[in-house]
Amino acid sequence: MITIENLSKNYKKNIVFKNASVNLQDNKITFILGNNGSGKTTLFKCVLSLENYNGVIHFDGKPMQSERQNIAVVFDDTPLYNNLTGRQNIELFVKNNLFKSNYTYENFLSHELLRKKVRNYSYGQRKKLSIVIALLKDTRYLFLDEVTNGLDYDSICFLKSEIKRISCNKTVVLTGHHFEFYNEILDDILLIKDNKLIHLEDAANRNASEDETERGKILEKLYKENF
């Protein structure tokens, strides 16, 4: 479980979070919902100790530093080594043998493309490489920020099924603007509003229980109600 207690964060006079507390359950897909500038990416960075903040954030009762090897993250601009090939980037970032022994993402990111230097990749290809690196790390926690940006339809379909598959033994936290994609995979929703974190549990069941015209549109509905 990820425990956030009394999180406060501000940039000079701009208050992002004020004494915000929430628990994120294990083996769930939690979507962070908020409008532009509400602090979605800032929350990621606080949880990952990439930003200074006040409060306590623990992973199963432990500080992030002790769980760093159990965490993988994909940001919209995840840094890669441009002068190395895709394969070399994977070998550098992934410390296990899954790439050499069990590379199952050929249809998502081909071996042919992995032989090319990353400086020649398109934005979408860079995003795919970042996703593959995160998946191959096989960590307990996975954070995905705007993960669908730059992906084509086939890649989005693959990613959707892959996230659902791995969530049985991973805690997945994600955010983005492609609501249609996230509606179909989320379990819980974390709402950022008025500098607080509001945890909406069992969002998947609520999503399914909507009438036929609204089914699968839980994020759109919540967004309109709150922003």
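The values are calculated or read from the model by the stated rules, or taken from the named source; none is laboratory data. What you see is a predicted model; the values in this text were computed from it and never measured. All Cβ positions, glycine included, derive from the backbone under ideal geometry; neighbour counts span all protein chains shown. Surface areas here come from the heavy atoms of the whole protein model, side chains and all, with no ligands, DNA or RNA. Shrake-Rupley method; radii C 1.70, N 1.55, O 1.52, S 1.80 Å.
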Practice item. Compare the peptides 172-182, 139-149 by average per-residue count of other Cβ atoms within 10 angstrom and give them in order, highest first. Key: 139-149, 172-182
Check your understanding: How big, in percent, is the set of alpha carbon pairs in the chain lying more than 31 Å apart?
Key -> 23
Review point. Carbon and sulfur atoms: what percent of the 1.4 Å accessible area of the chain do they account for?
Key: 44
Revision key, fill the gap. Heavy-atom accessible area per residue of the chain, all protein chains kept, 1.4 Å probe, expressed in Å², is 51
Check your understanding: Once the Cα atoms of helix 123-137 and of the chain are each reduced to a long axis, what angle between those two axes, in degrees from 0 to 90 to the nearest 10, is obtained?
Key -> 90
Check your understanding: Measuring from a point 7 Å past the Cα of ASN226 along Cα-to-C-beta, which residues in segment 29-54 have an amide N at less than 19 Å?
Key -> 29-47
**Study point:** Cα→Cβ-extended label distance, 7 Å offset, between ASP60 and GLU180, nm
**Key:** 3.8
Practice item. Rank-order 127-138, 63-74 by packing density, defined as the average count of other C-beta atoms within 10 Å over each peptide's residues, highest first. Key: 127-138, 63-74
Point to revise | Built amide H within the under 5 Å cut-off of VAL73, gap 5+ | key: PHE143
Check your understanding: Quick one: which of 107-119, 39-51 comes out on top by average Cβ neighbours within 10 Å, and what's the full order, highest first?
Key -> 39-51, 107-119
Check your understanding: 222 nm [θ] for the chain, helices only, -39500 (n - 2.57) per DSSP H run of 4+, per residue, to 500?
Key -> -9000 deg cm²/dmol
